[in-house]
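Trainee: Provided herewith is a single structure, encoded as structure tokens, for subsequent inquiry.
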Amino acid sequence: MSTLFSKIISGEIPSDKVWEDAHCIAFRDIHPVAPTHILVIPRTPLVNVADAGEGDEALLGHLLRVAGLVAKQEGLSDFRVVTNNGAGAGQSVFHLHLHVIGGRALQWPPG
């Protein structure tokens, strides 16, 4: 299935990349909710966390590690990592992605 993110991965749609490796890319969100809002997406087209299988464990761990590295690269010591699972939870692009959000005080609970 072709998504906005698969088109970003292929280079069909440009993005403001801050990280790229063999397993994932990270880029600035075009509709940020905080001064720093970066999306970390796997090159593998997983829909969401619930669709991940046993064979995806290393990839999921890598995505979290990259989220931390990207936050550090952006100068963040306090930040949030979020993923939405399904439309009812706010997922609008059905390709797994982690939001790295920071640069301001964040409230809890989130909406």
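Read the figures in this text as sums done on the coordinates, not as results from a lab. For clarity, every value in this text was computed on a predicted model and none was experimentally measured. Cβ placement follows ideal geometry from the backbone for every residue including glycine, while neighbour counts extend to all protein chains displayed.
Trainee: Quick check on this structure: which one of ILE30, ILE25 is in a strand (DSSP E or B) and closer than 19 Å to ILE8 by Cβ?
Mentor: That would be ILE25, the only listed residue that is in a strand (DSSP E or B) and closer than 19 Å to ILE8 by Cβ.
Trainee: Mind listing whichever residues of the stretch 82-111 are aliphatic (A, V, I, L, M), assigned to a loop (DSSP other than H, G, I, E, B) and surrounded by 15 or more Cβ atoms within 10 Å (Cβ to Cβ)? Quick ask: steps written out before the conclusion?
Mentor: Taking the stretch 82-111 as the starting set, the residues that turn out to be aliphatic (A, V, I, L, M) are 82, 87, 89, 93, 96, 98, 100-101, 105-106.
Imposing the further condition that a residue be assigned to a loop (DSSP other than H, G, I, E, B) reduces the set to 93, 96, 105-106.
Selection gives VAL93, LEU96.
Trainee: If the Cβ limit is 8 Å and pairs must be 6+ apart or interchain, which residue in the stretch 17-32 that is without any contact (Cβ under 8 Å) to a residue 24 or more places away in the chain pairs with which residue that is assigned to a loop (DSSP other than H, G, I, E, B)?
Mentor: The qualifying pairs are ALA22/ARG43; ILE25/SER15; ILE25/ARG43; PHE27/SER15; PHE27/ASP16; ARG28/SER15; ARG28/ASP16.
Trainee: Listed residues ALA67, ALA50; which is in a helix (DSSP H, G or I), aliphatic (A, V, I, L, M) and farther than 26 Å from GLY11 by Cβ?
Mentor: Selected residue: ALA50, the only one of ALA67, ALA50 that is in a helix (DSSP H, G or I), aliphatic (A, V, I, L, M) and farther than 26 Å from GLY11 by Cβ.
Trainee: Test PHE79 against the criterion of being farther than 14 Å from HIS97 by Cβ, of a type outside the set (Gly, Ala, Ser) and surrounded by 17 or more Cβ atoms within 10 Å (Cβ to Cβ), and give yes or no.
Mentor: The answer is yes for PHE79.
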